[in-house]
Amino acid sequence: MSEIKAPEDEIIRGQLERVTYANEENGYSVFKICVRTESDLVTAVGYCGKHMPGEELELSGRWAQHPKFGAQFQFSWCRLLLPSTVEGIRRYLGSGLVKGVGPKMAGRITDAFGESALDVIDENPDELLKVKGISRKLLDSIKQSWNSQKEVRSVMVFLQSNGVSPAFAAKIYAAYGEDTVQVVRENPYRLAEDIFGIGFLTADKFAAKMGVARDSPMRLDAGVRYVMSELTGEGHVCAPRSVLASRSGKLLEASIEMTDAAIGRSIEDLAMVSENIELGGERLEAVYLPAFYAYEAKSARMMAKLMEPCAEAEIIKGYAGIDAEKASRWVQDEMSVELAENQVAALKLALKSKALIITGGPGTGKTTLIRAIIGILGERGLTIKLAAPTGRAAKRMAEATGHEAMTIHRMLEPKGQVFSRNEDSPVKCDLLIIDEASMVDAPLMYHLLRATPPDSHLILVGDVHQLPSVGPGNVLRDMIASGTIPVAELNVIFRQARDSGIIVNAHRVNSGLMPVEGARRGLRDFYFVEQDDPERCVELILSLVRERIPERFGLDPVEDVQVLTPMHKGTLGASNLNALLRGELNSGEGSSMASGGRVYKTGDKVMQIRNNYEKEVYNGDIGFVRRVDADAGQLSVGFDDNEVFYVREELDELVHAYAVSIHKSQGSEYPAVVIPIHMQHFVLLQRNLLYTGITRAKELVVLVGARRALSVAVRNDDTRRRYTNLCARLRAAVA
């Protein structure tokens, strides 16, 4: 197939007639421009600095047809050309650009100085005193206003001439203001640290344009910090110094000696923390970003403190006098259930432990056990709080237990980028139960422990065999491995759960056994559609989601069916499947808005990909686009009952979610999941990944792909290693 070349950008020039819309926060604007080659005014849309009617603009971009507003010139670059005609100058000055100069005064100035009016204001402003109505006081105001506008224009020109897009230029100026040029000249790599959306590679290109040498210590230091941030993004809390130096060398195209020296400088500058620890059975030097060092070290100390023996009245607060045997029989009568032997043992452990971990797979009775604990301690009048990492998990927890539950973030009461609940203002409870604890990463566990009252009890509930958290750390697994916290493992599948192919096969996979297909066991909720050809797999997935599953099981193809895939790239990756599924499931006409190569349309299924405490939406939340206002550069997304508004510059927090990675699906449950499994995914064919994907489904699982790939995933229990030291820190803290 021959390569299709994108059309080259077109350049138009014209006078700005009026500003239809301007978002001061992100610079998104809608203009009407008089272009000499056009008979009517042209609508131009894009990001730029503040502009006024009368200005001459040069725009670079492409023509597009908006379904509602017709032809638009979507510009990517905007350059100011000061007006050259007397009429243009009059309109420019009278537009409100200069404080104290209205249309009448602008007319007087242009009458006096003609086409030289702007040069006079810029170079000899005192000449304006010759104009009727301009006093010394007004002149001072004009000078100040003109110089301020001049500064903004010069900053925007400086940034754009060095390769910064108008959208990011507006963000940068909003962050640094009049200090912009000084800040970025001194250290252009600050852009990657301070401005969301600008990564190291973008800042590096900008720095190169400004003449920063490739072996500059500034570049090398910024590069190693960036790689360390990338490692935390991959789930590591720390990294061996040798690993960090090697990866940094590849990115920066520098020697190991140079990158190791940069690591040393970062440690001296306190931009990183170094510590000799034991990782994987060997003693080595590990490097942390300071915040993550604090998360790990302080979490270990706080957990140890929580489990310390207290005064008798404190440690048995609310538990005093409970006969665990009688309480167990009482709650079974009250709930009309029969607890399994290991559930009774776990219940007794819960009634005497300050901290407890309850772990087990689907169908082993974790929820029943939580209900029993709540029933007994609720009867004693204890204040009980329930929370989970995601909104969907919290909602599911509340429905299953009949007790109010909320997200951990909401419970901690975020204010900006910090939480209100901490050691000085802890959560008010006697017992705190956290569900889906395998999803809790190192930063969130730190904040959770800070807010846990020292005299309360903490129960963490989760499935340790699932994938670790999306964020850095392997907290639940490390806590269990430390042997410092009591653990109750539920491993008996209840009789009613044995009728579920989803639960049966999840446990088979977790045990290293191939799943059995529904037709062979009389189960109708688990299927494997075998197909070796990846293109044919894609066709099958589209058919299953669009027609076969909705028709046979009565499920909505968008709201009820979720495609989960091991990878982002490739034919069967999330990116390609998203594009194809969106084309099949939301192809109708409707309001749309483009940003960063993606187009968002009313009805689109989307996922939030970073925590946003101000909007109260978090990494992994799935919602649906409700309204789009392209002119205003804004859309809204419904996340369950919460409607969240985004301006265009914030759309990099969203991705389409018709297909998502299995990692991102943690904590969620869907009526039906379709999982492609193919040798294309070889590097990610792991048992815990497949197990996690299967356990996301409530009613139906359909695997599509190669039997060989399925076999590889089931047999591969060699999970990807994460660099953490919480296990050893916990052992040291309680010793």
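Using a simple spin-label model with pseudo-atoms 7 Å out from Cα toward Cβ, Asp333 and Phe69 lie 7.1 nm apart. Between Ile277, Thr202, Pro67, the Cα set farthest toward the positive side of the dipole of the chain (charges on each charged residue's Cβ, about the Cα centre) is that of Ile277. Comparing Cα centroids, the range 48-73 and the range 662-735 end up 47 angstrom apart. Whole-Hz Karplus values for the range 616-628 come out as 6, 10, 9, 3, x, 5, 10, x, 10, 5, 9, 9, 10 Hz, taken residue by residue from phi with 6.51 cos²θ - 1.76 cosθ + 1.60 and θ = phi - 60°; glycine and proline positions read x.
Per-residue ellipticity at 222 nm computed for the chain from its helices equals -11500 deg cm²/dmol, with DSSP H segments shorter than 4 residues left out and the rest contributing -39,500 (n - 2.57). Put Leu572, Leu201, Leu41 in order of accessible area, highest first, and with a 1.4 Å probe you get Leu201, Leu41, Leu572. To put it simply, the accessible area of the range 406-448 at a 1.4 Å probe is 46 percent carbon and sulfur.
Kindly list the residues of the range 343-381 that lie in the label zone of Asp323, defined by a backbone N under 20 Å from the point 7 Å along the Cα-to-C-beta vector. Backbone N within reach: 344-353, 373, 375-381.
Full extension of the chain between Met514 and Glu669 gives 53.5 nm of extra length, using 0.36 nm per residue less the Cα-Cα distance.
Which percent, to the nearest 5, of DSSP beta bridges fully inside the chain are antiparallel?
Counting only bridges with both partners in the chain, antiparallel ones make up about 60 percent.
The residues of the chain have, on average, 45 Å² of accessible surface per residue, using a 1.4 Å probe with all protein chains present.
Per-atom-type breakdown for the range 187-304 gives carbon and sulfur 51% of the accessible area (1.4 Å probe, protein chains only). Available extension along the chain between Val86 and Lys99 is 2.7 nm, counting 0.36 nm per residue and deducting the alpha carbon span. Applying 1/(1 + (r/R0)^6) with r as the Cβ-Cβ distance of Ala400 and Phe682 and R0 = 60 angstrom yields a FRET efficiency of 0.95.
Packing-based ranking of 399-405, 344-350 yields 344-350, 399-405, ordered from highest to lowest mean Cβ neighbour count within 10 Å. Using alpha carbon centroids, what distance separates the range 348-400 and the range 244-295, in Å? Taking the Cα centre of the range 244-295 as reference, the centre of the range 348-400 is 40 Å away.
Approximating the spin labels as points 7 Å out from Cα along Cα→Cβ, the Asp119-to-Ala213 distance works out to 4.4 nm.
Stretch Val599-Asp126 to full length: gain in nm at 0.36 nm per residue minus the Cα-Cα span?
Gain on stretching Val599 to Asp126: 165.1 nm.
Heavy-atom accessible area with a 1.4 Å probe sorts Asp40, Asp641, Asp140, largest first, into Asp641, Asp40, Asp140. Only one residue of Asn505, Val418, Ala451 has its Cα farthest out toward the positive end of the dipole of the range 418-521, where Lys and Arg carry +1 and Asp and Glu -1 on Cβ, and that residue is Asn505.
Structural descriptor for the chain: relative contact order 10 percent, calculated from alpha carbon pairs under 8 angstrom and at least 6 residues apart.
The values are calculated or read from the model by the stated rules, or taken from the named source; none is laboratory data. These figures come from a predicted structure and were not determined experimentally. Glycine also receives a Cβ, built like all others from the backbone with ideal geometry; neighbour counts cover every protein chain displayed. Surface accessibility is based on the protein's heavy atoms, side chains included, excluding ligands, DNA and RNA. Shrake-Rupley method; radii C 1.70, N 1.55, O 1.52, S 1.80 Å.
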